[in-house]
Each structure stands twice: as C-alpha cells, then as structure tokens.
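J.: I'd like to ask some things about the structure below.
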Amino acid sequence: MSPTSTNGTTANGAQKPTTGNEMLEAAHQARSKAISTLPDETFDWRITLEGKVIAITGANRGIGLGIAEVCLANSATKVYSLDLLEPTEEFNALSKRFNGRLAYIQTDVTQDASIQNAVDKIVEESGAIHGMVANAGMTKHQPALEFDRAQMDKLFNLNFFGVFSCCTIAAKKFIELGIKGSIVCTASKVGDGPNRAAPSAPYGGTKAAVRNIAKTLAMEWSKYGIRVNSISPGFVKTAMTYYVETAPDWDLKMQYYGGMPRLALPQELGGAYVYLLSDTASYTSGIDIPISGVVGAW
C-alpha cells in the first residue's frame, strides 16, 4: 500500500478513494489484478457445499425451503433464510432435523438497508458468506389489460429490484472479505415465453430481466472471482401454483404436450443450485439452467 498524506492524496500524488465503491475497488486492486476461480491442486472435485455459508431469500417456504434442504443435505455449514414472513412449521422441522444449521433472519428484500443488515449479521455470526441465492419473488396472474401501474411496481420491486439489490450487496461483501463467491438468481421458464396456462406479462418481464442481469453481472464481476448464474424453473408444486393441477384441462394438456405429467417438488431443483454454489462450478458463470421437466409454458 502507498503511504498517505493528509490532503486526500497518497504520498506519490494519487487521489485517495473516497466512495464505498472506490474503496472496494482499491481493496481488490491491492490484492491482485484479477482473482481466478481456478481450483488448486488439492481440490477433490466433489460437488459439495462443505464449509460454505449460504443465504437464500424467501426460504421459509416453497422453492426457497426446498433449495435450503438440498443445500443442507449436501453439507452446507449453515443456511440462512432471508424472509419477510415468519418461519413455517416445515421450516422449523427442517431446522431441527439439521441441528440448527438452518436459521432465519427477517429481511425485506425491497429495502437495501434490510438486506445489508442481514448480510452483516450472517458474517458476524458465521465469519463469512460464500453464496447468495436471490430467490424471493411473487406472481400475479391476470390478463395484461387488467394490470395497473401499482400492481406492476409491486412485481418489479420484489422480483427484479430486490434480486438486483441482493446481488450487489452480496458481491460487495464478497469483495470486502476476499471471497470467491457464487450468486444464483431464481428466474423462470416464463422469462423466455408466454405462460398460456396462466397469463402474466409483467411477471414474465421481471423474470426475463433477472436472466439478463445474471449474465451481465457475471461478465462484470468475473475479475473479482464472483460467479453469477440463474435457474429457470417450470411448474413447481408450491402455494403459488395450486391452480395448475386443478385446472379442468390439465390432463388433456399433459397428454398432448408431451412433458412430464406432473409438477416438480421444490427439492428437485436443488441439485442445480448446489452445483452452481459449489467450487466444482468454478468455470460456470453467466448461464441459465432451465428445470421444467419439458413442461414449460403452453
């Protein structure tokens, strides 16, 4: 490090960093020109989350809780659910089953300060954070002509701006700690086409945006050793998709569509998240993995 003077410059006349982003960049530059994700010669190539602390937004129920279970089953040291709602009975049972390695921090992902407080608390309690799963989201199914601006703002604030904030706040913490972190965003199959079973143009728009930023952030942050990817589920059995299997034409659609004639369990998505969060995925960044059982959008 260069010696500093008292007039806002280093001793050799260079301007001292003043903003948070400038200081993060300076810290990174002080360590190296670029951080490689290349594993060292002792890496054993197991797909495991052993030794890793993972944050998952919206993990008190649904897809997020399923992801948490698979992360814990694959040896994650600690998984934190960052959720606005109180834990469910299923959450508490899973935490007990894994001896308290699943924890809850109340978090509003539409508020940057709330996300920052949660990430800081994770590091304070566990000493590090290695992965962020930006999963929290919501949907609203109705024809496009019936949406008003307030409904669209609510969708975009949670599904897009919330995801973007989780990504950037986690990335800054990775850089601060010198951790080669992984970020996985939950997108959707309707991010690349219409959902004819239950139309929602704004929801599809938010998920298309999530896929785009995952690729762009992967490009921007590769120099920090940070990987960013997304996963696009199809129909998954959660409280938000109760209507799908109860539709009177469900069996007929399955007969002619040719996909797996069922909804996925949330846990069936988990293997892809574990892979992307693990060090085995050291050269995997900027991709989207669709998990839809062939059943996407009609």
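J.: Would you calculate the separation in nanometres between label points at Lys121 and Glu220, each defined as 7 Å from the Cα along the Cα-to-beta-carbon direction?
T.: 2.7 nm
J.: Find how much the distance from Thr284 to Arg97 grows on full extension, using 0.36 nm per residue of separation minus their present alpha carbon separation; answer in nm with one decimal.
T.: Values: separation 187, 0.36 × 187 = 67.32 nm, distance 3.15 nm.
Result for the pair: 64.2 nm of gain on full extension.
J.: Which is farthest toward the positive dipole end of the stretch 46-291 among Leu72, Ile287, Ser188, measuring Cα position about the Cα centre, with Cβ charges +1 (Lys, Arg) and -1 (Asp, Glu)?
T.: Farthest towards the positive end: Ile287.
J.: Of Thr37, Thr107, which has the most accessible area and how do the rest follow, probe 1.4 Å? Walk me through the numbers before you get to the answer.
T.: Working: Thr37 40, Thr107 5 Å².
Final ranking, largest accessible area leading: Thr37, Thr107.
J.: Solvent-accessible area per residue for the stretch 109-158 at a 1.4 Å probe radius, Å²? Walk me through the numbers before you get to the answer.
T.: Numbers: 2670 Å² over 50 residues.
Dividing the accessible area of the stretch 109-158 by its residue count gives 53 Å².
J.: When only the heavy atoms of the protein chains count and the probe is 1.4 Å, how do Leu269, Leu158 rank by accessible area, highest first?
T.: Working: Leu269 0, Leu158 35 Å².
I get Leu158, Leu269, largest accessible area first.
J.: Give me a comma-separated list of calculated 3J(HN,Hα) values for the stretch 206-212, in order, Karplus coefficients 6.51, -1.76, 1.60 applied at θ = phi - 60°, integers in Hz, x for any Gly or Pro.
T.: Karplus values, whole Hz, x for Gly and Pro: 5, 6, 5, 5, 4, 4, 5.
J.: Filter the cross-link list Lys154/Lys223; Lys52/Lys154; Lys189/Lys223; Lys172/Lys207; Lys52/Lys207; Lys140/Lys223 down to pairs whose alpha-carbon distance in this structure exceeds 31 Å. Mind showing how you got there, number by number?
T.: Working: Lys154/Lys223 34 Å; Lys52/Lys154 33 Å; Lys189/Lys223 29 Å; Lys172/Lys207 23 Å; Lys52/Lys207 27 Å; Lys140/Lys223 38 Å.
The answer is Lys154/Lys223; Lys52/Lys154; Lys140/Lys223.
J.: Also: As an exercise, use a Förster radius of 30 Å and the Cβ-Cβ distance of Ile105 and Glu146 to find the FRET efficiency, rounded to the nearest 0.05.
T.: Numbers: r = 36 Å, r/R0 = 1.20.
After rounding to 0.05, the efficiency reads 0.25.
J.: Taking the Cα-to-Cβ direction at Ala73 and at Ser36 and moving 7 Å from each Cα, how far apart do the two end points lie in nm?
T.: Inter-label distance under the simple model: 3.5 nm.
J.: A further question on this structure: Carbon and sulfur atoms: what percent of the 1.4 Å accessible area of the stretch 45-182 do they account for?
T.: On the way: 3200 of 6260 Å².
For the stretch 45-182, the apolar C and S fraction of the accessible surface comes to 51 percent.
J.: Which whole-Hz ³J(HN,Hα) couplings does the stretch 55-62 yield from phi under the Karplus relation 6.51 cos²θ - 1.76 cosθ + 1.60, θ = phi - 60°, glycine and proline marked x?
T.: Working through the residues one at a time gives 9, 10, 7, x, 9, 7, 6, x Hz.
J.: In addition: Please state the charge dipole magnitude for the stretch 89-144, taken about the Cα centre, from unit charges on C-beta atoms (+1 on K and R, -1 on D and E), reported in debye and rounded to the nearest 20. Let's see the in-between values first.
T.: Details: 5 positive and 7 negative charges, 51 e Å.
The dipole of the stretch 89-144 has a size of about 240 debye.
J.: Could you rank Arg262, Arg211, Arg61 by how accessible they are, 1.4 Å probe, largest area first? Could you put the intermediate results ahead of the total?
T.: Details: Arg262 110, Arg211 50, Arg61 85 Å².
In descending accessible area the options line up as Arg262, Arg61, Arg211.
The values are calculated or read from the model by the stated rules, or taken from the named source; none is laboratory data. Model, not experiment: these values are computed from the prediction. In this analysis, Cβ positions are derived from the backbone assuming ideal geometry, glycine residues included, and neighbour counts consider all displayed protein chains. Keep in mind that these areas ignore ligands, DNA and RNA; they rest on the heavy atoms of the full protein, side chains included. Shrake-Rupley method; radii C 1.70, N 1.55, O 1.52, S 1.80 Å.
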